[in-house]
Amino acid sequence: MKQLMLEFDRCRREYDQEAVYEAIRFGDMMTEKDLSTAVTTRLFDTGATRDTATGKFEYAKYLSPFFINGFGRYMNRHQTMADGTKRAGDNWKQGFPDDVLLESFFRHAMDVWMLMKDVDLTDERGERVDLNDAIMGAVFNLQALYHQRAEKLPVKRGA
């Protein structure tokens, strides 16, 4: 019985619902309510419990910390305008016409494409275009375009 309980706890911690059902079926030791709780509750070694992550967004798995860091660096560099003044980091949330964002996205996307083909590329100021900056520029424009559309919709959390 002790071995069965240890196996049951291991399965619950690892979210292996099928194994939990098997342990319970062969142990015949839980009620239907206990079974439901066992499958929807995580038990930690400390004794703490939480509901499962089933159906919840896993942002840390969806995003790359390298990308987020690179995007932050890109945005920080581009806060300083050509005249030397610094704009607020969220200035972009004031909005741009969709066609401006789309054209800017395509310019950056073309830069990415050309640089991926090993073309030595310079911008309108004669400065060499960096691949990572081109990628971040494209992402920025898509993010702003999505933001402008999404902020008009209700936000739904979870799957």
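When residues of the stretch 115-157 are filtered for being without any contact (Cβ under 8 Å) to a residue 24 or more places away in the chain and outside any helix (DSSP H, G or I), how many remain? It would help to see each step written out before you state the result.
Filtering the stretch 115-157 down to residues without any contact (Cβ under 8 Å) to a residue 24 or more places away in the chain leaves 115-131, 143, 146, 149-156.
From what's left, outside any helix (DSSP H, G or I): 117-130, 151-156.
Total satisfying the criteria: 20.
Out of everything in the stretch 65-82 that is at pLDDT 95 or above and exposed (fewer than 10 other Cβ atoms within 10 Å of the Cβ), what residue ends up being farthest from residue 137 (Cα to Cα)?
Checking each candidate, the answer is 65.
The values are calculated or read from the model by the stated rules, or taken from the named source; none is laboratory data. Remember, predicted model here, so these are calculated numbers, not experimental data. As a convention, Cβ positions derive from the backbone with ideal geometry for all residues, glycine included, and neighbour counts pool all protein chains shown.
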